[in-house]
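The values are calculated or read from the model by the stated rules, or taken from the named source; none is laboratory data. What you are looking at is a predicted structure, and each value in this text was computed from that prediction instead of being measured. Every residue, glycine among them, receives a Cβ derived from its backbone with ideal geometry; neighbour counts consider all protein chains shown.
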Amino acid sequence: MRFWSFILALLWLISPGDAIAQQKKKPKKKTIPLRTKWDDMDIGTFQAYGLEVPGRGKIWRPALKGLNIRLGHNASVCFDTERLRMAVGWTGGFLKLPTGRDGLEGVPQLAGEIRFRTRMMPGWANAKGEWNATNPPVIAGSDVYSHGPLPRDWAKWEGHYQFRNQVILSYSVGETSVLEMPEYAARRGVFIRWFEIEKPKGARGLKMLVAEVAGAKAVNLEHGRFAYLEKEGNCTLAMMLNREGEPFGDLLATQGGQLIMSEDSTLPRVFLGVAVWHGPREKLGEIQKAMNGWKRRPQPLKPLTRGGPAKWSQSVITRGRLGLTPGAYVVDTITVPEENPWKSWIRCSGFDFFKDGTTAAICSVTGDVWVVSGIDDSLKELKWRRYATGLFQPLGLKIVNEKVYVLGRDQITRLHDLNDDGEADYYENFNNDISISNHYHEFCLNLETDAGGNFYFIKGSNLRQATVPHHGCLVKVSADGSKLEVVATGHRAPNGMSVGPGGEITSADNEGNWVPTSRINLVKRGGFYGHVFTAHRQPVPTDYDKPLLWLPHQVDNSSGGQVWVDSGRWGPFKGGLLHLSYGRCSMFHVLQEEVDGQPQGGVVKFPLRFESGIMRGRFNPHDGQLYLAGLRVWQSSGARFGAFHRVRYTGKPVHMPAALHVKKNGLEITFTNPLDAASAVDDQNYAIDQWNYQWTESYGSKLYSVKDPSKVLGEKKQQEVRGDPVEIKSIKLSDDKKTVFLETDALKSVMQSRIRYNIKAADGMVLKQEIIHTINRVPAN
């Protein structure tokens, strides 16, 4: 034993460096917090978002639809716009915004120390004095699911006003109208909620939840003027204030750990405040004495709802760029002000035009709305004004009667500039019936209207089994905002849709589980579009409504929205449909047909390039041209975070397919202009191949042989794919030289068919293109 001890000691002496190195702990690498451009952005006084508070292996989520408000002096509150409760108040900071996937994955975290809080329950009792809602949120571990807001006859969120750095909340409780303004008195460390309440004659008394401390001791003082909850040496104290800022009223601390305010005045108009303090037990007497002699006269709230001074009055000027590429269509750029005084991170997610056609409103998924004017032929001077901030991941915008409507994850917000100073003063809740959970992926996408003024949008799924009623649904909101209803189900990650001139509705979905590859749908009411987890029906579907067409991964790995061509000044496509690709930054013409009542079609790509992922499109009635907007977050080949483009028709000849028809024994393609006869009938200039996908729970699908369904022809992401070849037996050209018929053996239904050709037009233009299409049904004759 001594011998081996000696040998070990000798080895240690021979290589002391190695031995010492083994004794030392490796230095820990410094963790550098992830940052995004969001961290440097002036996000304004408020931020509509969910909120989470991590701690001790558990995450608390105060609100799913929260309005987080700065109160000054590093104090903040979060108001739950579904339950109409003050969810939490804190000091020491505002929000740490999410960083995952450039800010779109994750939830803002509370930055500071909590001073008071409430559970996710109604903030006001109902007409019977009860608190139990019929549709309470479901809390499962760290996940929270809400089926929507409180019933409207109980309470309704109306919206909020901004006046300088103050936020005034507006809502109703029964038939009673409430204005509320939160404030923080830094000198005493007290949160105050000021209320201006208007009651109709004979209205009931009101009960409001002020704060909660689970398991706390309840103490009531001075006949209801004060009440507090005590736990582990800390107290949460509440006091009611009258219009003169003096203590009065009726507060109750319950043995259930709640502070409840009662308001039973018979006056039609009541002004009051509720003050909340949190701190150590030994300071309770001192703060109670100070508040007893405290006269803090509040300002009236009604005057603050008429519009305040502009906060972002400075305009940012950019110069647009006209496209120079020769051809029938060129891409002009309405240059986004990436450099601006507020470091606003502009990622274009929706837009529309005002009536003059030279001015547009455009929203950014980061929460802003900007108004840009000067959209003329030259684009020499584009004037940008920041119009609104703090919205919850807006991904759709529509202008109706010169009012801007913005779709966020929480609601459709109607923006009002009350004093015509170029900025929104009132953020009205037009409709917030959409159900929601804390999952990052369930965005609300696009915003369109039909001829009757009804609104439409799609809600994404949580990528797994649906947990709320609207996961994966295309929904309709009535023109007055009073009703939301489901139109169709079964979407997974739908980044766009459209409503046509005849009320036609399209949607697109992106590859994933139960979606073998991207698809474009012509939607019918009650339809199911493939994603089983969001079918919302029993029994579980064993089939789905067929898409208009499927799109291979190589062509469109992440779809955007669609646009109907309603302009006669944009070439030969009026009445047609366009499809936008977020992932490939591309645009396609959709070739539609219907066979025995079954829609089907194909796409051909426009030879154009865009700076970012393209998601939203509209035709400008002023100039008749197409405008496109998009952004880059993930799975997009775009170079810029946001882009706003005009696709301008130059008047030059358009050389593209205008129509595609499936025949019993071949395919008929009609072009926009005559073809060169010799090249058009040369079978060496064409190739047709086909393949299928498998509709399973797996993420996406491989490519499978039509002839041998068990044979894999390729992987979805491989650079070059080849399907089963289809022999072309003969080619015929119509007398007007615009239509080619490719004769084949009898065709059959197939998920993916591809026609490639390299031919010439009659004027010598080379057409090297491909048509990607789907054959859902082959005509009998």
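Condition check ((1) in a strand (DSSP E or B); (2) at pLDDT 95 or above; (3) crowded, with 24+ Cβ neighbours inside 10 Å) across all residues:
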| site | (1), (2), (3) |
| --- | --- |
| Val604 | yes, yes, no |
| Ile614 | yes, yes, yes |
| Tyr627 | yes, yes, yes |
| Trp634 | no, no, no |
| Gly638 | no, no, no |
| Ala643 | yes, yes, yes |
| Val654 | no, yes, no |
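Filter the stretch 319-333 for residues that are over 27 Å from the mean Cα position of the chain (by Cα) and among the β-branched types (Val, Ile, Thr); which is nearest to Gly651 (Cα to Cα)? It comes out as Val330.
Filtering the stretch 133-160 to residues that are among the polar types (S, T, N, Q) and either free of Cβ contacts under 8 Å to residues at least 24 places away in the same chain or surrounded by fewer than 21 Cβ atoms within 10 Å (Cβ to Cβ) (or both) leaves Thr134, Asn135, Ser142. No other residue among Met120, Met86 is in contact with an Asp or Glu (Cβ under 9 Å, 6 or more places away or on another chain), under 29 Å from Leu304 (Cβ atoms) and surrounded by fewer than 23 Cβ atoms within 10 Å (Cβ to Cβ) apart from Met120.
Checking the stretch 211-223 against the condition returns a match, with at least one residue being part of a strand (DSSP E or B) and closer than 20 Å to Leu179 by Cα. Only a single criterion out of (1) under 30 Å from Lys128 (Cα atoms); (2) in contact (Cβ under 8 Å) with a residue 40 or more places away in the chain; (3) among the small types (Gly, Ala, Ser) is not satisfied by Gly307, namely (1). Can you find even one residue in the stretch 731-743 that is surrounded by fewer than 17 Cβ atoms within 10 Å (Cβ to Cβ), outside any strand (DSSP E or B) and in contact with a helix residue (DSSP H, G or I) (Cβ under 7 Å, 6 or more places away or on another chain)? Yes, because at least one residue in the stretch 731-743 is surrounded by fewer than 17 Cβ atoms within 10 Å (Cβ to Cβ), outside any strand (DSSP E or B) and in contact with a helix residue (DSSP H, G or I) (Cβ under 7 Å, 6 or more places away or on another chain). On inspection, Leu252 does not qualify as surrounded by fewer than 17 Cβ atoms within 10 Å (Cβ to Cβ), of a type outside the set (Gly, Ala, Ser), farther than 21 Å from Thr176 by Cβ and in contact with a helix residue (DSSP H, G or I) (Cβ under 8 Å, 6 or more places away or on another chain).
Here is a yes/no grid of residues against (1) at pLDDT below 85; (2) closer than 20 Å to Leu259 by Cβ; (3) charged (D, E, K, R):
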residue	(1), (2), (3)
Thr31	yes, no, no
Trp38	no, no, no
Ile43	no, no, no
Ala63	no, yes, no
Leu84	no, yes, no
Val88	no, yes, no
Leu97	no, no, no
Pro108	no, no, no
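Residue-level analysis places Val499 outside the set of residues that are within 27 Å of Val138 (Cβ to Cβ) and of a type in the set (Val, Ile, Thr). Taken across the stretch 765-774, residues that are surrounded by fewer than 17 Cβ atoms within 10 Å (Cβ to Cβ), more than 24 Å from Pro547 (Cβ to Cβ), at pLDDT 95 or above and under 39 Å from the mean Cα position of the chain (by Cα) do occur, with at least one present. Each residue in the stretch 703-742 was checked for being among the acidic types (Asp, Glu) and over 30 Å from Pro516 (Cβ atoms), and 2 pass. Cβ-Cβ distances below 8 Å connect the following pairs, each with a first residue in the stretch 357-376 that is in the same structural domain as Glu423 (by TED's automatic domain parsing), a second residue that is in a loop (DSSP other than H, G, I, E, B) and among the aromatic types (Phe, Trp, Tyr), and a separation of six or more residues or different chains: Ala360/Phe354; Ala361/Phe354; Ser364/Trp345; Thr366/Trp345; Gly367/Phe392. Checked against the criterion of being without any contact (Cβ under 8 Å) to a residue 12 or more places away in the chain, outside the structural domain of Val210 (by TED's automatic domain parsing) and of a type in the set (A, V, I, L, M), the stretch 326-342 contains not a single residue that satisfies it. Of the residues Leu229, Leu221, Leu206, the single one that is at pLDDT below 95, over 38 Å from the mean Cα position of the chain (by Cα), assigned by TED's automatic domain parsing to the domain that holds Ser76 and not acidic (Asp, Glu) is Leu221.
Scanning the stretch 570-602 for residues being among the small types (Gly, Ala, Ser), in contact with a strand residue (DSSP E or B) (Cβ under 8 Å, 6 or more places away or on another chain) and part of a loop (DSSP other than H, G, I, E, B) gives a total of 3. Of everything in the stretch 161-220 that is charged (D, E, K, R) and within 30 Å of Asp417 (Cα to Cα), the residue that is surrounded by the fewest Cβ atoms within 10 Å (Cβ to Cβ) is Arg164.
A Cβ distance below 6 Å, combined with a sequence gap of six or more or placement on separate chains, defines the contacts here; from the stretch 397-419, residues that are hydroxyl-bearing (Ser, Thr, Tyr) reach residues that are surrounded by 19 or more Cβ atoms within 10 Å (Cβ to Cβ) in the pairs Tyr405/Lys398; Tyr405/Ile412; Tyr405/Arg414; Thr413/Val406; Thr413/Tyr427.
Do we find a residue being outside any strand (DSSP E or B), within 30 Å of Gly308 (Cβ to Cβ) and of a type in the set (Gly, Ala, Ser) anywhere in the stretch 134-141? No: the stretch 134-141 contains no residue that is outside any strand (DSSP E or B), within 30 Å of Gly308 (Cβ to Cβ) and of a type in the set (Gly, Ala, Ser). Looking at the stretch 607-629, is at least one residue of a type in the set (Lys, Arg) and touching a Phe, Trp or Tyr at 6+ places or on another chain (Cβ under 9 Å)? Yes, some residue in the stretch 607-629 is of a type in the set (Lys, Arg) and touching a Phe, Trp or Tyr at 6+ places or on another chain (Cβ under 9 Å). Would it be correct to say that Ala658 is among the aliphatic types (A, V, I, L, M), surrounded by fewer than 17 Cβ atoms within 10 Å (Cβ to Cβ), part of a strand (DSSP E or B) and touching a strand residue (DSSP E or B) at 6+ places or on another chain (Cβ under 6 Å)? For Ala658, the condition - among the aliphatic types (A, V, I, L, M), surrounded by fewer than 17 Cβ atoms within 10 Å (Cβ to Cβ), part of a strand (DSSP E or B) and touching a strand residue (DSSP E or B) at 6+ places or on another chain (Cβ under 6 Å) - is not met.
Here is the figure for the stretch 330-353: residues that are of a type in the set (D, E, K, R) and under 13 Å from Val369 (Cβ atoms) total 2.
Taken over the stretch 728-780, the criterion of being polar (S, T, N, Q), within 30 Å of Ser701 (Cα to Cα) and out of contact with any Asp or Glu (no Cβ under 7 Å at 6 or more places or on another chain) is satisfied by Ser749, Gln752, Ser753, Asn758, Gln769, Thr774, Asn776.
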